[in-house]
Each structure stands twice: as C-alpha cells, then as structure tokens.
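A.B. asks: Below is a structure I'd like to ask you about.
The values are calculated or read from the model by the stated rules, or taken from the named source; none is laboratory data. These figures come from a predicted structure and were not determined experimentally. When we count neighbours, we look across all protein chains shown, and the Cβ atoms used for this are built from the backbone with ideal geometry, even at glycine.
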Amino acid sequence: MKIRKATKKDEKEFLKVQKKAFPNLNSKKQALYFEEKIKKKEIFVAEQKGEYAGHNCFGKYLLAPPFSRGVFLEELAVKKKFRGEGIGTNLINALIKFCKKNKINMFYLSTGDFKANKAIKYYKKLGFKIVGKMKDINPKSEYSYGEIFMAKVIK
C-alpha cells in the first residue's frame, strides 16, 4: 500500500469514490471541493497494487480558532472492494504523521449521529474521544441527522 499527496490527475477517481461513499453529496460541489483541496495540498490518496483505493481530505487550522494548531478530517472514503484491508487506518496514520511533522497537536473529525454508524466505534478504536454533538449542523444539509465531534491529541 502507498499513501501519497493527491494530484490533479486523481480528480476522476476522487469523484467516483466520493459519490459511492457519500451518495447525497452534490457532484458539482464535490468537483469544486476537490479543486480547493488540491490547491491547499489537503488530500492524501491510498493506492493498493497501483489502484486508487481511497482518500482523506482535511483542513489545517494553524492560526485561527476554533481548531488552532489542529487539523479537521473532512472526508475519509475507501472503495468498497478495499475495505477491511487497513486503508482507512493508514490514511488516518498519514494525517497523524503530517501533524507530528508540522507540530500540530490536535486532530478533529466528525461523523453522523445515528444508531447504526460503525465509524464511531472505529474512531474510538483509533484513540479518538467524543468531544461534542450537534443535533442540526446545517438546515440545508444533505443529511437528516446531526453530528458527533471527536478529537485526539497528537503527541
């Protein structure tokens, strides 16, 4: 498995994986999102046997609150055929390594607040703790549930 920074050439695969992982998201907005993240170098891509297997996207908050000296994981998506192979964990670990290298001490993320969400247990297993909840994060959201916010101190 190889983890690398995304390039413009990854756009087609990125959008395909996003659409499968998050079917409620607007494709045009996702294309704009990709452009913004590429400019800021805020996407890691995982390759398995030379094939695009998944990605994560994040935001850096180095000067301004609420996430001073932190990163916020915005997306984590792995192709279905590669799930269970440690790709998501390796993408998270790549971001932790990035944090350590850049002296960033907080790693934040959010996930859906619904009963069958397996991600909560997954993130807890990786050392994240629940730090808050929001019932209605955005009245125009693509989703009908709130968010659980989690964080991990990077040492």
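A.B. asks: Need the failing condition index for Phe44 against (1) farther than 17 Å from Thr111 by Cα; (2) free of Cβ contacts under 8 Å to residues at least 60 places away in the same chain; (3) not in a strand (DSSP E or B), just the number.
C.D. replies: The failed condition is (3).
A.B. asks: I've got another one for you. Residue under question is Leu32, and the condition is that it be under 22 Å from Ala119 (Cα atoms) and hydrophobic (A, V, I, L, M, F, W, C); does it hold?
C.D. replies: So Leu32 fails the test.
A.B. asks: Here is a follow-up. Could you give me the residue pairs with C-beta distances under 7 Å whose first residue belongs to the range 70-94 and is within 18 Å of Phe22 (Cα to Cα), whose second residue is in a helix (DSSP H, G or I) and among the small types (Gly, Ala, Ser) wherever it lies, and which are 6+ apart or on separate chains?
C.D. replies: Leu76/Gly88; Ala77/Ala21; Val78/Gly88
A.B. asks: List the number of the failed condition for Ile92; all other conditions in (1) buried (at least 20 other Cβ atoms within 10 Å of the Cβ); (2) of a type outside the set (Ser, Thr, Tyr); (3) over 14 Å from Lys5 (Cα atoms) hold.
C.D. replies: Of (1) buried (at least 20 other Cβ atoms within 10 Å of the Cβ); (2) of a type outside the set (Ser, Thr, Tyr); (3) over 14 Å from Lys5 (Cα atoms), only one is false for Ile92: (3).
A.B. asks: Look at the range 95-115 and say how many of its residues are at pLDDT below 90 and loosely packed, with under 12 Cβ neighbours inside 10 Å.
C.D. replies: So the answer is 1.
A.B. asks: Assigned to a loop (DSSP other than H, G, I, E, B) and either under 15 Å from Tyr52 (Cβ atoms) or in contact (Cβ under 8 Å) with a residue 24 or more places away in the chain (or both): is that true of Lys115 in this structure?
C.D. replies: In short, no.
A.B. asks: While we're here: Among the residues of the range 39-65, which ones are out of contact with any strand residue (DSSP E or B) (no Cβ under 9 Å at 6 or more places or on another chain) and either closer than 24 Å to Met150 by Cβ or not acidic (Asp, Glu) (or both)?
C.D. replies: Answer for the range 39-65, where residues must be out of contact with any strand residue (DSSP E or B) (no Cβ under 9 Å at 6 or more places or on another chain) and either closer than 24 Å to Met150 by Cβ or not acidic (Asp, Glu) (or both): Lys39, Lys49, Leu63, Ala64, Pro65.
A.B. asks: Given the criterion under 19 Å from Phe82 (Cα atoms), in contact (Cβ under 8 Å) with a residue 12 or more places away in the chain and touching a helix residue (DSSP H, G or I) at 6+ places or on another chain (Cβ under 8 Å), identify the matching residue among Lys20, Lys8, Lys2.
C.D. replies: Just one listed residue meets the conditions, Lys20.
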